[in-house]
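Read through the structure below, which is laid out as structure tokens, and then see the notes.
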Amino acid sequence: MRVLLTGGGTAGHINPAIAIANYIKGKEPGSEFLFVGTERGLEKTLVPKCGYDIKFIDVMGLRRSLSPQNIKVLINYLKSTGVAKKIIKEFKPDVVIGTGGYVCAPVIKAAASLKIPTLIHEQNVFPGLAIKMLANKADVTAISFEETRDMIKAKNIVLTGNPLRPNLFAVHDIDVVRARYGFGEKPIVLMFGGSLGAEKMNEALKEMITGGYIKEFNLIASTGERHYETISNDIKKTTDLARIKNVKVVPYIYNMEEIFFAADVVVGRAGAITVSEITALGKAAVLIPSPYVAHNHQEYNARYLEKNGAAKVVLENEVSGKRIYDEISSILKDAQVLKKMQADSKKIGIVDACETIYENIKKII
């Protein structure tokens, strides 16, 4: 199979495309792949790092407000559609897959005009502008959450879930995890704000530790590399972390799959992949959606889990150490509440996204 993939800007658009490519390569080792992105997006480094070829087009996103800049955006869009057509004609793909970001628009449009089968994939509950624009052109619009179905007008919508890394589902020995961190038999809570960390969450973490809140559970928290030194130093002013055996604060969690598996409750942001991992593993969650994202899409993701009984939602302006502690405690103090949230989370989790996407690709080819 010859597969052209496009999606970019952020890791949230690129990693699903890479996961799909990896899955197809596993099913059909002789397949050939080409990615199309922009030189400004993370795809410039992430895609080659994973061993795939990439070509670039010059395309930009529309400004939300009326702006003369949008004239240049539209001119670039028309030019990039022509460049995308040339790339497609040279590569001769059997299918073109788009995973979001503005780079998708000219590539999927070009593929559709050339009668090449197309599949687009939306990671979040609230669909991005590119996916909305392309849904009536693509042969398959794959969605990750059932609620998205009513937000898109498309030729063919299929619920697939988000492509997740296979090692997420490995089984780990929880006793080994406990021993590594010196934890006792109390429940384990995982708290993280993404790879870069989240300042408001870190402030809440500091308040929980220095306020002496964390007694009835074990906590492993990642601050993000750029925040670690500041948070650690602030805590040390009043509290000796080394003496608190049930709390571990680290800059980054390298064995995330292991900790995720062992955790009873996950506290974090509500990016598409994070909430998909939470539900795939059937974890109870306290979600703090980032307000600094397009269309406030993280809150839509978080509210979806909340409506389905899998999560408690705390908005950024409501965050404090006591509030986060209270939400964690409200889940852990009653074993039946924890068990039900975990079961409800598992009900909406999807673990076979890549397989479903692959099956749909085979159908349209």
Hz values of 3J(HN,Hα) by residue in the range 88-105 - Karplus curve (6.51, -1.76, 1.60), Gly and Pro given as x:
5, 5, 6, 7, 6, x, 7, 8, 10, 10, x, 10, x, x, 5, 5, 4, 4
I'd like the orientation of helix 11-27 relative to the chain: the angle between its Cα long axis and the longest Cα principal axis, in ° from 0 to 90, rounded to 10.
70
Sum of -39500 (n - 2.57) over DSSP H runs of 4+, divided by residues of the chain (222 nm, nearest 500):
-13500 deg cm²/dmol
Under a 5 Å amide H to amide H cut-off, with H placed in plane at 1.01 Å, what residues pair with residue 267 once short-range neighbours are removed?
190, 191, 192, 286
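Test of understanding: express the Cα radius of gyration of the range 69-181 as a ratio to 2.2 N^0.38 Å, with N the residue count.
Numbers: Rg = 18.4 Å, N = 113, 2.2 N^0.38 = 13.3 Å.
Compactness ratio reported: 1.39.
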Efficiency of FRET from Cβ geometry, residue 174 and residue 240, R₀ 35 Å, rounded to 0.05:
0.80
Within the chain, which is the longest segment containing none of the chymotrypsin sites (Phe, Trp or Tyr not before Pro) that sit in a DSSP loop and have at most 15 other Cβ atoms within 10 Å?
1-251
Which three extents, in whole angstrom, do the alpha-carbon atoms of the chain cover along their principal axes, largest first?
64, 44, 37
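With respect to the cross-link table entries 27/85; 25/347; 44/283; 44/346; 155/200; 25/115, which display a Cα-Cα separation exceeding 31 Å? Display every interim value, and only then the final one.
Details: 27/85 28 Å; 25/347 29 Å; 44/283 33 Å; 44/346 35 Å; 155/200 42 Å; 25/115 24 Å.
Pairs exceeding the cut-off: 44/283; 44/346; 155/200.
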Tabulate in residue order the Karplus-calculated ³J(HN,Hα) for the range 45-56, using 6.51 cos²θ - 1.76 cosθ + 1.60 with θ = phi - 60°, rounded to whole Hz; enter x for Gly and Pro.
9, 5, 5, x, 4, 8, x, 10, 7, 9, 10, 10
Specify the angular offset, from 0 to 90 degrees and rounded to the nearest 10, of the alpha carbon long axis of helix 225-236 from the longest principal axis of the alpha carbons in the chain.
10
Amide hydrogen neighbours beyond the local backbone of residue 33, cut-off 5 Å, H modeled:
3
If you roll a 1.4 Å probe over the range 113-238 with all protein chains in place, what percent of the accessible area is carbon or sulfur?
53
Which of 321, 182, 224 moves most in a GNM of the chain, Cα contacts under 10 Å?
182
Rounded to the nearest 10 degrees, the helix 199-210 long axis (Cα) sits at an angle to the longest Cα principal axis of the chain of 20
Could you pull out every one of the aspartates and glutamates with an alpha carbon less than 15 Å from that of residue 245, ignoring same-chain neighbours closer than 8 positions?
185, 216
Isotropically averaged projected area of the range 279-335, using the convex hull of Cα atoms (one quarter of hull area), nm²:
4.4
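Which of the peptides 40-50, 117-127 is most tightly packed, and how do the rest follow, going by the mean number of other Cβ atoms within 10 Å of each residue?
Numbers: 40-50: 17.5, 117-127: 26.3.
The densest-packed peptide leads the list: 117-127, 40-50.
The values are calculated or read from the model by the stated rules, or taken from the named source; none is laboratory data. Since the model is a prediction, treat every value here as computed from it, not as a measurement. Every residue, glycine as well, gets a Cβ built from its backbone with ideal geometry; the counts of neighbours run over all protein chains shown. The area values use the complete protein model at the heavy-atom level, side chains included, leaving out ligands, DNA and RNA. Shrake-Rupley method; radii C 1.70, N 1.55, O 1.52, S 1.80 Å.
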